[in-house]
Structure formats: C-alpha cells, structure tokens
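Asks: My questions all concern the structure below.
Laboratory data are not the source of any read-out in this text; all were calculated from the coordinates shown. Just so it is clear, the structure is predicted and the values come from calculations on it, not from any experiment. Cβ: placed from backbone, ideal geometry, glycine included. Neighbour counts: every protein chain shown.
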Amino acid sequence: MIRETGVYAGKAFIVTGASSGIGKAVAVMLLKNNARVIALAGRGLRNSAPQSELAGDLKVVHCNLGITKDIEDCFSRIIKSEPRLDGVVLCHGYGDFGSIEEFSSIQIQDLVNVNLVSNMLICRVIVPVLKKQKTGDIILIGSESGLKGGKKGAVYCATKFGINGFVEALREECAASGIRVSVVNPGMVKTAFFDKLNFAPGEDRDNYLRGEDVANAVSLLLEMPQGSVIDKINLSPQKNVIRKT
C-alpha cells in the first residue's frame with residue numbers, strides 16, 4: 001500500500017519511466033499526495049492505470065530516452081513550461097542479460113544509453129534549474145545489480161554500478177547548492193521488467209518487491225527535513241528466490 005501524507009501539495013516533480021512498474025507507482029504516489037506530476041512515459045500512462053489512480057495534476061510527456069536530441073528537446077520544453085520544479089525521480093530503464101559475447105555492439109550501446117547516459121543528460125539540464133532555486137531533489141533508481149556483479153549481467157551491472165558512482169559524485173557537486181541527490185537500489189521488483197526475460201522472482205510474497213514498496217522509499221527520501229539527506233537506500237525482498245520462466 002502506498003503511504004499517503006499529502007505533503008507535496010504545490011510541488012512539481014518529473015517522473016521518468018512512468019508507463020509501468022516503479023515509475024508508475026512513484027507517479028501515483030505523488031499524485032495521491034497532491035503533487036503536480038510531469039510523467040515521461042514511452043507508452044500510454046493513462047491506459048496503464050485506473051483513472052482513479054491518476055486523479056490530480058498530471059501532465060504526460062512522450063520522450064525517447066535512448067535518443068540524445070529527444071532528451072534535450074523534451075526537457076527544454078518542460079523547463080520552459082514549468083515555473084518551478086521541486087525534483088526529478090528517474091525510474092526508466094530495462095534489462096538485457098547474457099554473456100558478453102552474446103551482445104551485439106548496438107545492444108550494448110542501447111542499454112548503456114538508456115540505463116546510464118540518459119540519466120546524465122537529464123541531470124545536465126535539470127541541475128542548473130535546481131541550483132538557481134537553491135533547492136530540489138534528484139532521485140535515481142539503481143538496482144541491487146549496481147552493488148554486486150552477477151553472472152550474465154556484465155552490461156546491465158555496469159550501467160547500474162555507473163548510476164551509483166554518478167550519484168555519489170553528483171551529490172558532492174550539488175550539496176552546496178541545496179540540492180539533495182539520492183539513489184534507491186531495489187532487488188527484484190514484480191513488474192513488466194521481467195516480461196521479456198527468461199527469469200523472474202519467486203511467486204511467494206517474500207520473494208519480490210512491489211513498485212509501491214520502492215515508491216514508499218522515494219517518499220521517505222523526499223520527506224526528510226531540509227538540510228538532511230539519505231544518500232542511498234538498498235531495498236530487498238526478504239528472500240532472494242529466482243525462478244526460470
């Protein structure tokens with residue numbers, strides 16, 4: 001269950017990857033707490049959730065986060081149209097697993113571009129806006145794969161280790177400007193992430209996280225008193241069980 005506090009009234013947040021999974025759960029959490037949400041969704045967000053969940057101040061923006069020009073154009077338009085931004089929650093990404101020799105060069109480039117480079121490009125545009133305001137939150141969704149490498153995950157793990165390193169460095173760059181930078185590293189979350197993969201978390205409730213669990217972690221980060229920051233949340237299901245699909 002998503003925790004509701006209503007503390008985000010009058011605040012505006014960009015949420016990427018909002019079509020499904022963690023991104024959708026974060027968008028719904030913010031809307032339920034009276035925030036204005038600019039949701040970047042590759043697919044139709046309004047078609048992927050009940051209208052009751054999407055009630056509130058929601059703006060849906062379509063953007064291909066694997067293409068540099070699309071990112072620059074999209075975020076330039078958002079900044080021009082929004083008088084104030086209180087933060088961004090970057091939830092987009094996908095999984096592609098296999099031995100390194102099984103990847104084509106295009107597969108590697110695409111995975112790195114979407115899972116890592118796009119986050120850097122977005123922050124490159126957003127950070128100056130938040131620095132000018134002298135406040136704001138930047139939250140990236142990493143992965144347990146960014147903490148420990150795993151078999152068949154060389155490329156994916158590299159992108160998520162990169163996210164954690166990027167967050168650590170960006171936090172040092174932004175702290176003096178009043179910007180808080182955090183990362184949430186979830187274990188396996190039962191979402192559409194696994195639809196095209198040959199494995200998934202176990203079926204028992206303690207074998208997986210829900211998108212709502214990660215959204216509640218994001219809420220905890222946002223609700224920390226000004227001047228304090230939780231650098232990193234590593235969030236895991238109670239039992240780590242993987243099943244073949």
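Asks: Go through the range 190-196 residue by residue and turn each phi into a ³J(HN,Hα) via Karplus (6.51, -1.76, 1.60, θ = phi - 60°); whole Hz please, and just put x for glycine and proline.
Replies: Values, residue by residue: 6, 9, 5, 3, 8, 4, 9 Hz.
Asks: Taking 8 Å as the Cα distance limit and 6 or more residues as the minimum spacing, I'd like the relative contact order of the range 12-244 as a percentage.
Replies: 20 percent
Asks: When a/c is below 1.5 the answer is rounded, else prolate if a/b is larger than b/c, else oblate, so apply that to the range 186-245 with a ≥ b ≥ c taken from the square roots of the Cα gyration tensor eigenvalues.
Replies: prolate
Asks: Fewest to most neighbouring Cβ within 10 Å: what's the order for 131, 160?
Replies: With the fewest neighbours first, 131, 160 line up as 131, 160.
Asks: Can you list residues from other chains, or at least 5 along the same chain, whose modelled amide H is less than 5 Å from the amide H of residue 233?
Replies: Residues meeting the criterion, in which the H sits 1.01 Å from N, are 183, 184, 185.
Asks: By how many nm would the segment from residue 220 to residue 107 grow when fully extended, if each residue of separation counts as 0.36 nm and the alpha-carbon distance is taken off?
Replies: Roughly 37.2 nm would be gained on extension.
Asks: A follow-up question, please. Mean Kyte-Doolittle of at least -0.5 and a Cα length of 18 Å or more along the axis: which whole DSSP H helices of the chain meet both?
Replies: The qualifying helices are 68-81, 118-133, 154-174.
Asks: What does the convex hull of the alpha-carbon atoms of the range 134-191 project to on average, in nm²?
Replies: 4.4 nm²
Asks: By how many nm would the segment from residue 152 to residue 229 lengthen if fully extended, with 0.36 nm per residue of separation less the alpha-carbon distance?
Replies: Using 0.36 nm per residue and subtracting the Cα-Cα distance, I get 24.3 nm.
Asks: If you build a Gaussian network model of the chain, linking Cα atoms that sit under 10 Å apart, which residue out of 126, 139, 100 swings the most?
Replies: Evaluated over the chain, the most mobile residue of the options is 100.
Asks: Where the eigenvalues come from the Cα gyration tensor of the chain, what are the semi-axes √(5λ) of the equivalent ellipsoid, largest first, in whole Å?
Replies: 27, 21, 18
Asks: Quick one: work out the % antiparallel among DSSP beta bridges in the range 12-244, nearest 5.
Replies: 10 percent
Asks: Another question about this same structure. Once fully extended, how much extra length lies between residue 72 and residue 99, figured as 0.36 nm per residue of separation less the alpha-carbon to alpha-carbon distance?
Replies: 6.4 nm
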